[in-house]
Amino acid sequence: MSQNSIDSLLTETRRFAPDPAFVADRVAGPELSERAAEDRLGYWADRARELHWHTPFQTVLDWSNPPFAKWFADGTLNVAYNCLDRHVLAGNGDRVAIHWEGEPGDSRSITYAELTAEVKRAANALAALGVGQGDRVAIYMPVVPEAVVAMLAVARLGAVHSVVFGGFSAESLRARIEDAEAKLVITADGGYRKGKVFPLKATVDAALEGETSVEHVVVVKRGGNEVAWTEGRDLWWDEAMADADLDHEARGFEAENPLFILYTSGTTGKPKGILHTSGGYLTQAAATHHDVFDLHPETDVYWCTADIGWVTGHSYVVYGPLANGATQLMYEGTPDTPHPGRWWELIEKYRVTILYTAPTAIRSFMKLGRQIPQGFDLSSIRLLGSVGEPINPEAWVWYRDIIGGGDTPIVDTWWQTETGAIMISALPGVTTLKPGSAQVPQPGVTIDILADDGTRVDPPNGGLLTVREPWPSMLRGIWGDPERFVETYWEKFRDQGWRYFAGDGAHVDEDGDIWLLGRIDDVMNVSGHRLSTTEIESALVGNPMVAEAAVVGASDETTGQAVVAFVIVKQSHREEHSDEEFVQLLRGHVSQAIGAIARPRDVYIVTELPKTRSGKIMRRLLRDVAEGRAIGDTTTLADTSVMQIISDKLRTGA
Ligand code: WTA
């Protein structure tokens, strides 16, 4: 975050007390925190018992080998059964689970009974292809109901899914398939985005060239685009489903059976495969979805706009809402297709009551103007959520006023791929809201702000956000790399009793409310997506024309941060293109290597990079230039004239 937005956070004084009508009908009150404060493990055991267990657990937490936690380890359950069969057996089979809307305007409403039947069939189809407990299945799909069916079918078999966001390149997909040694890939021919079909199957084909662990590719028909076919390896989803048995009995798996791997950017070039398991994950995803969104499953229509390729799509599109028997909206496309009011039209059409989205989306709607949402009936909205990055108070107030009609509570939820579920958020109808603050740890979650040396930081000073005690939905490891797991998250505050180090800066105010201040490491947050500076730098230097590259996250009005790259072209290639051509080529190169989300907003072709005498690139100075600020202290540079040369060049474009 820029200094300006931090300053405005620190001076924010607006307060919004809960509305009495909301309080009267809330699903979660202060009693939850009281219970958790008295007996934290007992509290989590209560929440876990809200699920269906094939075999009840006796032990709650095993923390005898930190930082490797086990929750509810002697119990068994089936995650898919909890999201499906359970609701049908309780008499709610006719309730709509998913109202799905495709970008071109086609739609489907699927009840819990129908979704259960589809998942049973899909589980049989996958089992017939040899998928069993522990096998990894990669899912590379648009936001269509089959993506949810695929995830749940994998879960039902006790296998492990690795969903890869459909915007990632073939190279990124291949790296993830290889790391997890996936046996099967589920994809679609293509999906709709911005009025066009984007191909997915072709990217899978490219990712699987040469040696691979993948035996089969199952293809959902969605885009209708032409696809290449590898006989014996590829099969259509519809045909596999048509051949499959209808009935499938869900068996119980151990609570610690792996449920999914989800790759996220870290501080090095290699993405980390974050591993989540079953019982604890589902417990916290369901409990937080229920409490934080004040879910009334009989009447609410909930909409989380995240793609299933991100953790928000896992916990708050698939597992949390379905475990709670919620009715939700899923939308395939972009917010501005075919017109900039598409989201508001959908809210009006489905009478959405709860909307969960990201600050970057809110800021881009603000830019378009309030007239667009005001052209639709948004009166069904009664709760708003935010996730992915700190929300600036201006966007918060606009969200409440324009989308929420001036009186709707907003929950700003802080969490991470690693935490699996919401950790810090207001409880609506309980917490007095403060724009810009994520506010309070959820019941059963303990947070401390520590200084670099492990001492506690007192309000109002800032420090590092840590989690004091294990929580049910915590990551269980990094796939195939236990050392990196320990080193990244636990080593730093090991002597403070193995506290989890989140990588975010934060401070607590006098009331105990938590304010997030952004990442403290080389991870950027672009439109709520995590990107690693190192990963983009290595993509750039992977281009044969590039000698050196440095990447920074510069603050951006809409996307929060934007990728800005400083690149030195090799002497031998300098004459081949003009600077503008290099810029276009290199932006395209990053898209190709990682995916369009990583494409730099700006590329500057320079002849030097600012380095310390020990050769470390001083990104802080590059960020100053990228954000148009006066350049900070350059005295530690090996060559102090470098920054002058770079900023002169940027200013004159010479
Ligand atoms: C940031 C997304 C401030 C934070 C669920 C975290 C936030 C990273 C918030 C995780 C929030 C997420 N306020 N910052 N409400 N929510 N973040 O893994 O820096 O994609 O570490 O998980 O996003 O991003 P991830």
message: With the condition being within 21 Å of Gly309 (Cβ to Cβ) and within 15 Å of the ligand (Cβ to nearest atom), I'd like the strands (runs of 3 or more DSSP E) fully within region 517-577 carrying at least 2 qualifying residues.
response: 523-526, 529-532, 560-569
task: Among what's in region 327-369 and is of a type in the set (Gly, Ala, Ser) and closer than 14 Å to Leu384 by Cβ, pick the residue that is farthest from the chain's Cα centre (by Cα).
output: Ala361
message: Is it the case, given these coordinates, that Pro390 is in a loop (DSSP other than H, G, I, E, B) and more than 16 Å from the ligand (Cβ to nearest atom)?
response: no
- request: Of all residues in region 601-628, count the ones that are part of a loop (DSSP other than H, G, I, E, B) and surrounded by 12 or more Cβ atoms within 10 Å (Cβ to Cβ).
  value: 7
message: With the requirement that a residue be near the ligand (Cβ under 9 Å from one of its atoms), surrounded by fewer than 22 Cβ atoms within 10 Å (Cβ to Cβ) and in a strand (DSSP E or B), what does region 404-448 give you?
response: none
task: Find the residue count for region 493-516, including only residues that are in contact with a Gly (Cβ under 8 Å, 6 or more places away or on another chain) and either part of a loop (DSSP other than H, G, I, E, B) or more than 11 Å from the ligand (Cβ to nearest atom) (or both).
output: 4
Those residues of region 262-280 which are at pLDDT 95 or above and in contact with a His (Cβ under 9 Å, 6 or more places away or on another chain), in sequence order: Leu262, His276
task: Using the structure shown, decide if Thr327 is among the polar types (S, T, N, Q) and either within 16 Å of the ligand (Cβ to nearest atom) or modelled with pLDDT under 95 (or both).
output: no
- line: Output for Cβ contacts, cut-off 6 Å, separation at least six or different chains, first residue without any contact (Cβ under 8 Å) to a residue 40 or more places away in the chain in region 523-550, second in a helix (DSSP H, G or I) and surrounded by 21 or more Cβ atoms within 10 Å (Cβ to Cβ), reads Ala549/Glu537; Ala549/Leu540
message: If Gly463 satisfies all but one of (1) at pLDDT below 95; (2) within 16 Å of the ligand (Cβ to nearest atom); (3) part of a loop (DSSP other than H, G, I, E, B), what's the number of the condition it fails?
response: (3)
statement: Over region 119-158, the set of residues in a loop (DSSP other than H, G, I, E, B) and within 20 Å of Pro199 (Cβ to Cβ) is Met141, Pro142, Val143, Val144
query: Quick one: would you say Gly252 is modelled with pLDDT of 95 or more and surrounded by 22 or more Cβ atoms within 10 Å (Cβ to Cβ)?
result: no
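Table: residues versus (1) touching a residue at least 40 places away in the same chain (Cβ under 8 Å); (2) among the charged types (D, E, K, R).
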residue: Val148; (1), (2): yes, no
residue: Ala153; (1), (2): yes, no
residue: Gly167; (1), (2): yes, no
residue: Lys183; (1), (2): yes, yes
residue: Ala188; (1), (2): yes, no
residue: Pro199; (1), (2): no, no
query: How many of the residues in region 477-502 are touching an Asp or Glu at 6+ places or on another chain (Cβ under 9 Å) and buried (at least 22 other Cβ atoms within 10 Å of the Cβ)?
result: 5
Helices (runs of 4 or more DSSP H) fully within region 1-113 counting 2 or more residues that are among the small types (Gly, Ala, Ser): 3-10, 20-24, 31-38, 40-48
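The values are calculated or read from the model by the stated rules, or taken from the named source; none is laboratory data. These numbers were taken from a predicted model, which means no experiment stands behind them. Note that each Cβ is placed from the backbone with ideal geometry, even for glycine, and that neighbours are counted across all protein chains shown.
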